[in-house]
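**Student:** Encoded as structure tokens, here's the structure I'll be asking about.
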Amino acid sequence: MKNRFVHLLHATLRKLIPSLILIYNLPLLGQESGRIIGTILDNHGNPMVAAEISIPSLEIGTTTRANGEFEIKSVPKGDYTVRIDYLGFQTRQISAVRVRSGETTQMVDVRMSPKLLAMNETIVTANRRPKSLTDISSGANLVNAEIIQQRNAKTSAEALREETGIFIQKTNHGGGSAIIRGLSSNRIVILVDGIRLNNSTYRLGNHQYLTTVDYQMLSKIEVVRGPTSALYGSDALGGAINLVTEDPRTKSADGWTGGYRGNGRYASADGEKTGRAQAWAANGRLAVAAGFSYKNFGDLRRGGNSNNPLLENSTDGLRQSPSGFSAYDADAKLVYHLDEQQNVMLAWQFAEQIEVPRYDKYESGSSILWQYTPQKRQLAYARYRSDHDLGFVRNLQATASFNRQQEGRLTQDDASSNIERERDDVKTYGLNLQMGSVWGAQVLSYGLDIYQDQVASAAFVRAADGDVETQTLRGRFPDDATYRSMGVFVQDEVYLNQRLIVNGGLRYSRFDTEFTLPFDPEAAANLGDVDLSFGAFTGSVGLLYKASENITVMTNAAQAFRAPNLSDLSKLGESKGSTFEVPNTELDPERMTSLDFGIRYNGESFSGELVGYVAQISDLLASVDATFRGSDVIVSGGDTLKVKHKANTGEGFIRGFESRVQVRFDKAWSVYGNLSFSYGQNTTLDEPIGKMPPLFGVAGIRWQQADWSAESYLRFAGKQDRLSADDLDDDRIPPGGTPAWQTWNIRGDYRLGDQLRISAGIENVLDLNYREHGSGINGSGRNFIIGLALTN
């Protein structure tokens, strides 16, 4: 009681004394005084509401209004130090602020710097504008270029597999599909520089599209865990992944400068040889950069230390053959600064994976030939950005894009069967407009996204001993199909005070598709021309409360949906495991409502986060038994394939948690870990939701000095035996479920000045034979890795 009274008395006097001093000096202030006005901005240029502005020597001050502006009246003439305080930002003191009698002293656009804590890095994807990770109300990951280099991963997908809440599945050695909160594939939206990579042929089964983006050209990977449909529309049920490529930078002075960078990597488990060369040049206004990568992967060796016979079916001893392939990537980017606040950017990317075997088809004996060929991706875009204050509009970004993805399949069941070739070519034209405004205490981001897919699809067949191909009735998708999407969105952040931020989002999305299912004389029904439309409003509300300098509490409620795409509606052909998929145009969008709650601690020696979530899904889309040409099976070569199609199977829920922790003992030593779990149930069918990962995580210890680093860590996952009916038909999952596993790994790197970096590591030191749940190929056995990076 006594302590409470003392605390109350101290607080009262603290507020009263400055007022008494001001009253005492009123005669002087009225005669020879001026005023100070100004605007306080954060490190991204956003106004800071309720920042504390004071003149310590006079013990007077004020706070900023919603637009970041402040005014201190009746300041005696003289020179003063002005102090600015804001929770989570470094205190700033500006000296020699001169006040003259009867005049106004202006402090223009004073910028504050965040405190240099572990998570103070910028992420754009969560709010469609730059924000510190500490100010994000949803679960998020940021993998910057330094972390990507430290992990020395094979692909962009593998660069994410140590992240909190992200599980990576691999259908083949060239694959890599992220699973977030139990959802994957076309239930996660993938962006490249903010442009949608997802198109209307993305399948519900796991895929390899994430690996077609070369990790060596990235400046960072941003991930938002949980529904983001209010910002990005369809597919964003599980979250959003944004792969951000590096921008060339102009120099501050006139004249040209330039440089180069070279990377190389070798891995023993598959004989991987990867190399990249990049060069850039810049002057005061213009910067250009271009790069080229080549990758060659051999057949992957699995681990030899095994206690599960169901995972010991590799085709060539410990070698999983064929699984090797080659790939190359090329990219170029140009940035021209019209002035200090506006620029134009032109970018181009190309990637090709050559003859990628789908290994599980060989191991099961169902095929003697099964390759993805070609596997190509091409992206070109032009972007204009302005930070000029146009009144209500504070910033503007417009992007026009062209994205082309080509995927082919070459298959043969046995030596006497026909060779079948499929080719899908999807051209996507995009237009994005995004603006930002400040309105009172609100920071607004709003705009529109428009995309149109033009799909070309064909299939051909020739005899095993023949040279002449014959085109079949149709390809995997209807030829000349179109799929259009349009969305308008607004995101509103309200800064109620220094501690409390509320954000809300709203989006309307519409989808239209037209295609023709060719007449099939053997089919029971022929639909002919199909014209479908889907639309939805989705919203989100989030709250972030900064309980202290280190503790943040956050909660989110969000809606999400996924409109049926061409893969759901019209796919015809062999699918995962031993299944054959047929069209079904009687589908409704999947819808989800999610609620999560989390707490985050971010300190100098300790940081951590715990997020729990629950999501309710309706009109859940899944593969179910069907018939084709009057039969529920199709005989292909020596295999019998079960006929399936997509259908709305009812309602379900997913709940789980994501956690991470890092403890720094001193500047050199730290330990870290993360643990994630999802539990999904289709309540209508009374069975698990398919493809749900088991409990998984990472634990490690790290030592780092200025030029050296070393790390030892475990990757692990529990057993997954909660399988849906669809999972049970997938021969990539062993009978009884996928066994638990854990691998011990070590790595380190050394910097020789600013120019040379040497990385080395051993993955799976104990040579464990394991398979990540849902994958079609086992993980690598003991794998010696070395990497070099040279910069000038």
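The values are calculated or read from the model by the stated rules, or taken from the named source; none is laboratory data. Values in this document were obtained by computation on a predicted structure and should not be read as measured data. Backbone-built Cβ (ideal geometry, glycine too); neighbour counts: all protein chains shown. Calculation scope for accessible area: heavy atoms of the full protein, side chains included, ligands and nucleic acids excluded. Shrake-Rupley method; radii C 1.70, N 1.55, O 1.52, S 1.80 Å.
**Student:** Could you please find all residues in the stretch 219-233 being of a type outside the set (Val, Ile, Thr) and either without any contact (Cβ under 8 Å) to a residue 12 or more places away in the chain or touching a Ser or Thr at 6+ places or on another chain (Cβ under 6 Å) (or both)?
**Tutor:** Within the stretch 219-233, Glu222, Gly226, Pro227, Ser229, Ala230, Gly233 qualify.
**Student:** What do you reckon, is Thr105 of a type outside the set (A, V, I, L, M, F, W, C), under 30 Å from Val614 (Cα atoms) and open to solvent by less than 30 Å² (accessible area, probe 1.4 Å)?
**Tutor:** It is false that Thr105 is of a type outside the set (A, V, I, L, M, F, W, C), under 30 Å from Val614 (Cα atoms) and open to solvent by less than 30 Å² (accessible area, probe 1.4 Å).
**Student:** Surrounded by 15 or more Cβ atoms within 10 Å (Cβ to Cβ) and either under 30 Å from Ser321 (Cα atoms) or touching a Gly at 6+ places or on another chain (Cβ under 7 Å) (or both): is that true of Thr245 in this structure?
**Tutor:** So Thr245 fails the test.
**Student:** Right, next: Taking the stretch 183-228 as the region of interest, how many residues are on the phi > 0 side of the Ramachandran plot and surrounded by 24 or more Cβ atoms within 10 Å (Cβ to Cβ)?
**Tutor:** 1
Table: residues versus (1) within 30 Å of Ala710 (Cα to Cα); (2) among the basic types (Lys, Arg); (3) in contact with a strand residue (DSSP E or B) (Cβ under 6 Å, 6 or more places away or on another chain); (4) in contact (Cβ under 8 Å) with a residue 60 or more places away in the chain.
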residue: Leu572; (1), (2), (3), (4): no, no, no, yes
residue: Ala615; (1), (2), (3), (4): no, no, yes, yes
residue: Val633; (1), (2), (3), (4): no, no, yes, no
residue: Lys644; (1), (2), (3), (4): no, yes, yes, yes
residue: Phe653; (1), (2), (3), (4): no, no, yes, no
residue: Arg664; (1), (2), (3), (4): yes, yes, yes, yes
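**Student:** Ok, one more. Might you check whether a residue that is among the charged types (D, E, K, R) and open to solvent by 60 Å² or more (accessible area, probe 1.4 Å) occurs anywhere in the stretch 424-444?
**Tutor:** Within the stretch 424-444, one or more residues are among the charged types (D, E, K, R) and open to solvent by 60 Å² or more (accessible area, probe 1.4 Å).
**Student:** While we're here: Quick one: in the stretch 11-64, which of the residues that are outside any strand (DSSP E or B) and among the small types (Gly, Ala, Ser) is modelled with the lowest pLDDT?
**Tutor:** Gly30
**Student:** Give the stretch 390-432 a look and list any residue that's among the small types (Gly, Ala, Ser), assigned to a strand (DSSP E or B) and over 27 Å from Gln341 (Cβ atoms), or say none.
**Tutor:** Residue satisfying the conditions is Gly408 alone.
**Student:** On to the next question. Among (1) part of a loop (DSSP other than H, G, I, E, B); (2) open to solvent by 50 Å² or more (accessible area, probe 1.4 Å), there is one condition Phe292 misses while meeting the rest; what is its number?
**Tutor:** (1)
A quick yes/no check of all residues on (1) outside any strand (DSSP E or B); (2) hydroxyl-bearing (Ser, Thr, Tyr):
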{"position": "Val223", "(1), (2)": "no, no"}
{"position": "Pro227", "(1), (2)": "yes, no"}
{"position": "Leu231", "(1), (2)": "yes, no"}
{"position": "Ser234", "(1), (2)": "yes, yes"}
{"position": "Leu237", "(1), (2)": "yes, no"}
{"position": "Asn242", "(1), (2)": "no, no"}
{"position": "Thr250", "(1), (2)": "yes, yes"}
{"position": "Asp270", "(1), (2)": "yes, no"}
{"position": "Thr274", "(1), (2)": "no, yes"}
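**Student:** Here's another thing I want to ask about it. Kindly indicate the residue of the stretch 324-355 that is of a type in the set (A, V, I, L, M, F, W, C) and in contact with a Ser or Thr (Cβ under 6 Å, 6 or more places away or on another chain) and also farthest from Gln405 (Cα to Cα) among those meeting that condition.
**Tutor:** Ile354
**Student:** Among the residues of the stretch 745-760, which ones are surrounded by 14 or more Cβ atoms within 10 Å (Cβ to Cβ) and acidic (Asp, Glu)?
**Tutor:** Across the stretch 745-760, the qualifying residue is only Asp749.
**Student:** Inspect the stretch 107-114 for any residue being charged (D, E, K, R) and not in a strand (DSSP E or B) and give the result as yes or no.
**Tutor:** Within the stretch 107-114, none of the residues are charged (D, E, K, R) and not in a strand (DSSP E or B).
**Student:** Please tell me if Asp329 is open to solvent by less than 20 Å² (accessible area, probe 1.4 Å), in a strand (DSSP E or B) and of a type in the set (Asp, Glu).
**Tutor:** yes
**Student:** Limited to the stretch 553-570, what total is found for residues that are more than 17 Å from Ala236 (Cβ to Cβ) and buried (at least 24 other Cβ atoms within 10 Å of the Cβ)?
**Tutor:** Of the residues in the stretch 553-570, 3 are more than 17 Å from Ala236 (Cβ to Cβ) and buried (at least 24 other Cβ atoms within 10 Å of the Cβ).
**Student:** Tell me which residues, restricted to the stretch 68-102, are of a type outside the set (S, T, N, Q) and either exposed (fewer than 12 other Cβ atoms within 10 Å of the Cβ) or on the phi > 0 side of the Ramachandran plot (or both).
**Tutor:** Across the stretch 68-102, the qualifying residues are Gly68, Gly78, Asp79, Gly88, Ala96, Gly102.
**Student:** Those residues that are closer than 30 Å to Phe460 by Cα, open to solvent by less than 40 Å² (accessible area, probe 1.4 Å) and assigned to a strand (DSSP E or B), I need them from the stretch 470-515; list them, please.
**Tutor:** Of everything in the stretch 470-515, those that are closer than 30 Å to Phe460 by Cα, open to solvent by less than 40 Å² (accessible area, probe 1.4 Å) and assigned to a strand (DSSP E or B) turn out to be Ala481, Thr482, Tyr483, Asp512, Thr513, Phe515.
**Student:** If you don't mind, there's one more thing I want to ask. Would you list the strands (runs of 3 or more DSSP E) that sit entirely within the stretch 621-668 and hold 2 or more residues that are open to solvent by less than 50 Å² (accessible area, probe 1.4 Å) and β-branched (Val, Ile, Thr)?
**Tutor:** 652-664
**Student:** Tell me yes or no: at least one residue of the stretch 347-355 is closer than 23 Å to Asn199 by Cα and among the aromatic types (Phe, Trp, Tyr).
**Tutor:** Yes: the stretch 347-355 contains one or more residues that are closer than 23 Å to Asn199 by Cα and among the aromatic types (Phe, Trp, Tyr).
**Student:** Still on this structure, please answer the following. Confirm whether Arg421 is open to solvent by 50 Å² or more (accessible area, probe 1.4 Å), touching a Phe, Trp or Tyr at 6+ places or on another chain (Cβ under 6 Å), of a type in the set (Lys, Arg) and under 25 Å from Thr212 (Cβ atoms).
**Tutor:** Answer is yes for this residue.
**Student:** Identify all residues within the stretch 164-181 that are surrounded by fewer than 24 Cβ atoms within 10 Å (Cβ to Cβ) and more than 17 Å from Val356 (Cβ to Cβ); write none if there are none.
**Tutor:** Thr164
**Student:** Would you check if Leu532 is farther than 28 Å from Leu204 by Cβ, open to solvent by 20 Å² or more (accessible area, probe 1.4 Å) and either touching a Pro at 6+ places or on another chain (Cβ under 7 Å) or assigned to a strand (DSSP E or B) (or both)?
**Tutor:** No; evaluated as a whole, the condition is false for this residue.
Listed here are the residues, each with its yes/no results for (1) within 19 Å of Ser780 (Cα to Cα); (2) free of Cβ contacts under 8 Å to residues at least 12 places away in the same chain; (3) touching a Ser or Thr at 6+ places or on another chain (Cβ under 6 Å); (4) open to solvent by 20 Å² or more (accessible area, probe 1.4 Å).
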residue	(1), (2), (3), (4)
Pro114	no, no, yes, yes
Thr122	no, no, no, yes
Ile136	no, no, no, no
Gln149	no, no, no, yes
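**Student:** Which one is farthest from Arg377 (Cα to Cα), of the residues in the stretch 189-212 that are of a type in the set (A, V, I, L, M, F, W, C) and under 15 Å from the mean Cα position of the chain (by Cα)?
**Tutor:** Val189
**Student:** Taking the conditions exactly as written (of a type outside the set (Gly, Ala, Ser), assigned to a loop (DSSP other than H, G, I, E, B) and crowded, with 16+ Cβ neighbours inside 10 Å), does Asp731 satisfy them or not?
**Tutor:** It is true that Asp731 is of a type outside the set (Gly, Ala, Ser), assigned to a loop (DSSP other than H, G, I, E, B) and crowded, with 16+ Cβ neighbours inside 10 Å.
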